[in-house]
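The values are calculated or read from the model by the stated rules, or taken from the named source; none is laboratory data. Computed from a predicted structure; not experimentally measured. No Cβ is skipped: glycine too gets one built from the backbone with ideal geometry, and neighbour counts run over all protein chains shown. Side chains included, ligands, DNA and RNA excluded: accessible areas come from the protein's heavy atoms. Shrake-Rupley method; radii C 1.70, N 1.55, O 1.52, S 1.80 Å.
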Amino acid sequence: ANMFALAFGLVDDKRKPAVVEFIKSRGMACSVYGAQFLLEALYEADEEDAALSLMTNDSDRSWPHMIRNIGSTITLEAWDPKYKPNLDWNHAWGAAPANIIPRFLVGVMPLEPGFARVRIKPRIASLSDVSATVPTIRGPISVDIRRDEGHYHLNCTIPANMIAELHLPTANPAQVLEAGRPAAASIGVTFLRSDGARSVYTVRSGSYEFSIKQPQP
């Protein structure tokens, strides 16, 4: 019940920490259908590590379990036959990661109809390499992310007739480079605002190579 309230923005800021911790403590307690809202709730609460853990764990309530232990190549109606003996093997409602990964992990979401304006806000948690191509009516958006030795690299291609709002993981825009030069000097890139621990840029159509040197913990 708490995951629905959190996913739909019904939890006030005062109660949110307790609700988030309770949801995390329950793991994948819901069905494959409910997993959609559980994962959305966790990402909306900036709990991408917990969301990634649920998508990749190997318990009997997971997608890896469907693939490795049951042998399915299509998402099931339930996590395992022991939870629903008459389940079938062709349920789209069990495929939450198919939309969660591009929308939240890679972070590509439309901000205006027809993808005229999009948001790219990756939340890759502990992953060191992410590569994705997200199809849109205006053409594919490609996002490639790599982290190594204190550096964060994000290459992206924005199709024609589209503007992207790109969120990069640093509170200091002076750390952001594009093609080896300060992002502020890059044609097609404009600093928009700071948003907590992120710097937000407007990026016009084209291909870009962003990098950030991040301090070692």
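Numbers below:
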{"read-out": "Helix axis angle, 35-44 relative to the chain longest principal axis, alpha carbon, degrees", "value": "30 degrees"}
{"read-out": "Helix 16-26 vs. the chain, principal-axis angle (Cα, 0 to 90°, nearest 10)", "value": "50 degrees"}
{"read-out": "Amide proton proximity set for R117, modelled H, under 5 Å, gap of 5+", "value": "L111, E112, I163"}
{"read-out": "Integer Hz, Karplus 6.51/-1.76/1.60 couplings in order for the range 123-133, x for Gly and Pro", "value": "9, 8, 6, 8, 5, 9, 9, 9, 9, 8, 10"}
{"read-out": "Accessible solvent surface per residue of the range 97-217, calculated while the other protein chains remain in place, 1.4 angstrom probe, Å²", "value": "49 Å²"}
{"read-out": "Protein accessible area in the chain, 1.4 Å probe - carbon and sulfur %", "value": "55 percent"}
{"read-out": "Packing-based ranking, highest mean first, of 153-162, 127-136 given that Cβ atoms within 10 Å are counted", "value": "153-162, 127-136"}
{"read-out": "Long-range amide H partners of I141 with built H, under 5 Å", "value": "V134, T136"}
{"read-out": "Nonlocal amide H pairs with T75, under 5 Å, H built at 1.01 Å", "value": "H91"}
{"read-out": "Relative contact order (%) - criterion: Cα under 8 Å, at least six apart; region: the chain", "value": "13 percent"}
{"read-out": "Estimated vicinal HN-Hα couplings, Hz - the range 134-145 in sequence order (Karplus 6.51, -1.76, 1.60; Gly, Pro = x)", "value": "10, x, 9, 5, 9, x, x, 9, 10, 9, 10, 10"}
{"read-out": "With all protein chains modelled, accessible area of F4 [1.4 Å, Å²]", "value": "80 Å²"}
{"read-out": "In sequence order, calculated HN-Hα J values of the range 79-95 (Karplus, 6.51, -1.76, 1.60; Hz; x Gly/Pro)", "value": "4, 6, x, 5, 8, 7, x, 9, 5, 10, 10, 9, 10, 5, 5, x, 9"}
{"read-out": "Rounded, prolate or oblate (a/c below 1.5 giving rounded, otherwise prolate when a/b exceeds b/c) for the range 52-102 by Cα gyration tensor", "value": "oblate"}
{"read-out": "28 Å Cα-Cα reach of K213 towards lysines, excluding residues that sit fewer than 8 places from it in its own chain", "value": "K121"}
{"read-out": "Inter-part distance where the range 127-194 and the range 61-86 are each reduced to a Cα centre, Å", "value": "36 Å"}
{"read-out": "Shape call, the range 1-119: gyration tensor on alpha carbons, a/c limit 1.5", "value": "oblate"}
{"read-out": "Neighbourhood charge, 13 Å Cβ-Cβ cut-off, centred on N161 and excluding it, Lys, Arg +1 and Asp, Glu -1", "value": "+2"}
{"read-out": "Charge dipole magnitude, Cβ of K and R +1, D and E -1 - the range 1-145, Cα centre, debye nearest 20", "value": "200 debye"}
{"read-out": "Structure-derived P(r) over Cα pairs in 10 Å bins from 0, in percent - corresponding label in (1) 8, 29, 32, 23, 8, 1, 0; (2) 10, 37, 36, 15, 2, 0; (3) 7, 30, 37, 21, 5, 1", "value": "(1)"}
